[in-house]
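Asker: First the structure, which I've put down as C-alpha cells, then a few questions once you've had a look.
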C-alpha cells in the first residue's frame, strides 16, 4: 500500500538576520496507515519545524519550503492552496501541542471549543455538534462529560486540558495526529494516562501518529519507528527497539546513554552519565557540507569535517547518516 | 555520619480567600503538612512527587524562602533556622543556598556573569574586593566556565552554561546545604547529563549536602542517597535509594515508578503498569482518611476513615499506608 504521508527531499529555509538557513535540509520520510513514528532530538533540531511544514503552518514570511515535496494520501501539500490546507488541517491532519493551557482559548468553555471544530469542519448544527462534543469528552475519559462541557480551561487540571486538546484534535477522526511533546508539561502518572488514551484511540480509529519528543522512554512506549534528527537533518531512522538496542549513529547513542533511565534491580554502583559535550549548533551553521554533529562527536575523524555523510542503509529499513555507521 | 539537617514536624500554610470576597474569613491551604526527615552530611535527599505535592515548598522552607506560615523545626547542625531574623539569617543564608529550576528567569539579565556569582558574597559577607575576585575566579573554573566569560551577560550563554552560573552563585558562600529545585528540568536532555555530572563532582569535592527536588525519577535514582515521596503535602514513603527503588512499599510510589516510560523492553514486559485514575483531591478539601485513597487500587474502608501515619516498615524504610506489612507492598499480590 502507498504510504499515507511521503516527504521527499524536503528543504525548508528560514530567513534569519544572518541570511537564509536551511532548518530542514533534505529530509525524507514515510508514514504508513495506522503507523506511529517519533521524531527525536534536542530543541533546535527541526522536529517541530517538520511538523509545522506538514500542517502548512510555517511562520509566514520567515519560513518557506524551498524544495522537495510533502505528499499526503497522494496529494501534494507544498503547492496546495491555503483554502485546501485549511480543509485538511483539523479534518485530515491535526495536532496537539505541548502546553494545553496556552493552546486552549481561556474565555470560551471547552464545550464551545470542541463544538466549534465540528461545526466548521463537518458542518454540523449547533445542537448536533454539542451532542457530538459530549461524546468526544466521554471518549477521552473525562468524568461527567455533560457538565464538564460548561467548564472553562482554567477550571480543569493539566491532564484534563490535554484530554480536551486530544478531543478537539480527534473531533473529525483525522488520518494523522501530530503530537508535539504532548506530555512534557504533565506529571508522570498523568503522562501514563495520556499515553494509554492515545494508544486506545489509535487502536479504535486507526489514526497514524507522529510524536515529537526527546524522551526515549516515551518513544519506546508509543512508536514502532523513530527518526532521530540533528541540526535539520536525519541522523538515524529505524524500528524503535532495534535502534535503542544498537544505535548506528553516535548522536542517537548519546541521546540514549546521557539520560539516567530507571533500572530494575538497582545496585550500589553508580557511574557518571555519558555526556554529549557542547550544544546544538546555531542556525547560521546549518547546511554546511560536513557532519554537523562532528563538533560534539566522540568518534569524529577528518572525513566527518570534510563532507556531509550520506545516508547508509541497513537491514530492517534502518538508516544512519554517519561516516562510521558500519563500525557502530 | 551525623545528621546535618534535621527537619521536625514542618508545616507550611498559605492563607487563601475563597468565595465571599473581601469579608470572607481566610481559609488555609496546607501545602506541607507535618513532615519530618533528616539528611546526613555529604548525602543527597531527593524529594519527589507530582506538581502540587508540596515538594518545592518544603525545600524552599528549609532555605527560609517561603512566605507562608511555617511551623515545626528545621535544625541545621543542631540550630533551629525558623526563629532566626536579620543578622542571624544572613549567617544562615551563607550555609543554605539554592539552585533554581529555570536558568532563564533566575539570573538578572542586566548583570554580568561575575556580578551574579559574586552577589551572595556582597550581600552576606564582608570579604574584601580582592578576596571576592579570587573566589569568583575559582568558582568559574570549578563549574567549567571560561574566565573570559566573566564579563558576559546571561543572554550570551546557553541554558546549560546559565545553570552553571547559577551553581557557581550557590557555591560562592561555601554552603553546607544546597537546595536543588529541579535543576535540570528546563534543560535539553544532552545538557542535563553535563549538569548532573557536575553536581555530583562538586558534591564530592566540597562535601556538599543536597536536598534535590525532582519529578524525574530516573534523575532521582541516579542522584540520591535517600528519597522522600510526597503526596498532597505529606511524606508517604521515605527510604534509602536501594530500598525505595527495588522495593517500593506505598501504592503511590509503586504507581509513580511504574508510570515512567522505559526504554528497556524487558522492564516494559515485566512491570505491568499500575494505573491510578483521576486527579489528586482538592487541597482545600482534603479527605479525612488517606489522601491517596480515592485513587488507590487497593484502598479499603479503613483507608477512607483513618489517615495512616508514617511508620517504620523495614530498616531505613518508612511508609504511610495501613496495608503495608513487614516490608511487603499491598500491591505485591496484584502485580505479577
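Asker: Please give the direction-averaged projected area of the C-alpha convex hull for region A:100-171, in square nanometres with one decimal.
Answerer: The Cα convex hull of region A:100-171, projected and averaged over all directions, gives 4.0 nm².
Asker: Can you check how the C-alpha radius of gyration of the protein assembly as shown compares to 2.2 N^0.38 Å, as a plain ratio?
Answerer: 1.01
Asker: Just order B:213-224, A:59-70 by mean Cβ neighbour count inside 10 Å, highest at the front, would you?
Answerer: The densest-packed peptide leads the list: B:213-224, A:59-70.
Asker: So if the hydrodynamic radius of region A:206-304 is defined as the Kirkwood radius over C-alpha pairs, what does Stokes-Einstein give as its diffusion coefficient at 4 °C and 1.567 mPa s, in µm² per second?
Answerer: 85
Asker: Per DSSP helix of 4 or more residues, -39500 (n - 2.57); summed, then divided by the residues of chain B. What does that give at 222 nm, rounded to the nearest 500?
Answerer: Taking each H run of at least 4 residues, the total per residue is -9500 deg cm²/dmol.
Asker: Turning to a different aspect of this structure: Quote the relative contact order of chain B in percent (integer), defining contacts as alpha-carbon pairs under 8 Å separated by 6+ residues.
Answerer: Worked out over chain B, it gives 19 percent.
Asker: Could you tell me the relative contact order of region B:290-336? Use alpha-carbon pairs under 8 Å, at least six residues apart, and round to a whole percent.
Answerer: Relative contact order comes out at 27 percent.
Asker: With both bridge residues required to lie in chain A, what share of the DSSP beta bridges run antiparallel, to the nearest 5%?
Answerer: Close to 60 percent.
Asker: On to the next question. Helix B:159-171 against the longest principal axis of chain B: what's the angle in degrees, Cα atoms only, rounded to the nearest 10?
Answerer: In chain B, helix B:159-171 runs at an angle near 80 degrees to the longest axis.
Asker: Here is a further query. Residues of B:195-207, mean number of Cβ from any other protein chain within 10 Å of their own Cβ, rounded to a whole number?
Answerer: For peptide B:195-207, the averaged partner shielding equals 1.
Asker: Further question on the same structure: Based on the Kirkwood radius over alpha-carbon pairs, what is the Stokes-Einstein translational diffusion coefficient of region A:1-47 at 20 °C with 1.002 mPa s viscosity, in µm²/s?
Answerer: Approximately 172 µm²/s, per Stokes-Einstein.
Asker: Against the longest alpha carbon principal axis of chain B, how many degrees, from 0 to 90 and to the nearest 10, is the axis of helix B:129-142 turned?
Answerer: So the inclination is approximately 50 degrees.
Asker: Could you list log10 I(q)/I(0) for region B:18-91 at q = 0.16 Å⁻¹, which the Debye formula gives when each Cα is one point scatterer?
Answerer: Here log10 of I(q) over I(0) equals -0.72.
Asker: FRET efficiency for residue B:152 and residue A:84, Cβ-Cβ distance as r, R0 = 51 Å, nearest 0.05?
Answerer: After rounding, the FRET efficiency stands at 0.55.
Asker: Translational diffusion coefficient, Stokes-Einstein: compute it for chain A using the Kirkwood radius over C-alpha pairs as Rh, at 25 °C and 0.890 mPa s, and state it as an integer in µm² s⁻¹.
Answerer: Approximately 117 µm²/s, per Stokes-Einstein.
Asker: Sort the following peptides by mean Cβ neighbour count (other Cβ atoms within 10 Å, averaged over residues), highest first: A:276-283, A:123-130.
Answerer: Result, highest mean Cβ count within 10 Å first: A:276-283, A:123-130.
Asker: Something else now. Compute the Cα gyration tensor for region B:64-200, then decide on rounded, prolate or oblate, letting a ≥ b ≥ c be the square roots of its eigenvalues: rounded whenever a/c is under 1.5, prolate when a/b is larger than b/c in the other cases, and oblate in all that remain.
Answerer: Verdict is oblate for region B:64-200.
Asker: Label region B:196-288 by shape, choosing from rounded, prolate and oblate, from the square roots a ≥ b ≥ c of the eigenvalues of the Cα gyration tensor; if a/c is under 1.5 it is rounded, and otherwise prolate applies when a/b is larger than b/c, oblate when it is not.
Answerer: Because a/c hits 1.5 or more and a/b fails to exceed b/c, region B:196-288 counts as oblate.
Asker: Further question: Please provide three numbers in whole Å: the alpha-carbon extents of chain B along the principal axes, with the largest listed first.
Answerer: Result, largest extent first: 67, 57, 41 Å.
Asker: Please report the antiparallel percentage of DSSP beta bridges with both residues in the protein assembly as shown, rounded to the nearest 5.
Answerer: Around 65 percent antiparallel, to the nearest 5.
Asker: Taking Cα atoms, how many degrees apart are the long axis of helix A:110-122 and the longest axis of chain A, rounded to 10 and kept between 0 and 90?
Answerer: Computed tilt is about 80 degrees.
Asker: Round to a whole angstrom and tell me the spacing of the C-alpha centers of region A:99-175 and region A:296-324.
Answerer: Their Cα centres are 45 Å away from one another.
Asker: Quick check on packing: order B:242-248, A:229-235, A:266-272, B:61-67 by the mean number of other C-beta atoms within 10 Å, highest mean leading.
Answerer: Peptide ranking by packing, descending: A:229-235, B:242-248, B:61-67, A:266-272.
Asker: Hey, another quick one. Using only the Cα atoms, work out Rg/Rh for region B:294-336, with Rh taken as the Kirkwood radius, to two decimals.
Answerer: Rounded to two decimals, Rg/Rh equals 0.97.
Asker: Taking only DSSP H segments of four or more residues, each worth -39500 (n - 2.57), what value at 222 nm results for chain A once the sum is divided by all its residues, to the nearest 500 deg cm²/dmol?
Answerer: -9500 deg cm²/dmol
Asker: For a test of the definition: using alpha carbon positions, the gyration tensor, and the 1.5 limit on a/c, classify region B:38-128 as rounded, prolate or oblate.
Answerer: Here region B:38-128 falls in the oblate category.
Asker: Which value in nm describes the separation of the simple spin-label points at residue A:57 and residue B:332, placed 7 Å from the Cα toward the beta carbon?
Answerer: 5.0
Asker: Percent of alpha carbon pairs in region B:116-187 separated by more than 17 Å?
Answerer: Above the 17 Å cut-off, region B:116-187 has 43 percent of its Cα pairs.
Asker: Right, next: Can you pull the mean other chain C-beta count within 10 Å for peptide B:221-234?
Answerer: Partner Cβ neighbours, averaged per residue: 1.
Asker: Could you work out the mean count of beta carbons from other protein chains within 10 Å of each residue's beta carbon in B:181-192?
Answerer: 5
Asker: Right, here's the next one. Taking only the C-alpha atoms, wrap a convex hull around region B:1-153 and report its volume per residue in Å³ as a whole number.
Answerer: Spread over its residues, the Cα hull of region B:1-153 gives 174 Å³ apiece.
Asker: Further question: Could you calculate, for region B:112-151, the ratio of the Cα radius of gyration to the Kirkwood radius, expressed as Rg to Rh?
Answerer: That ratio is 0.95, to two decimals.
Read-outs: derived from the displayed coordinates by stated rules, not from any lab. Note that this is a predicted model, so its numbers are computed, not measured. Don't worry about glycine lacking a Cβ; one is built from the backbone with ideal geometry, like all the others, and counts go over all protein chains shown.
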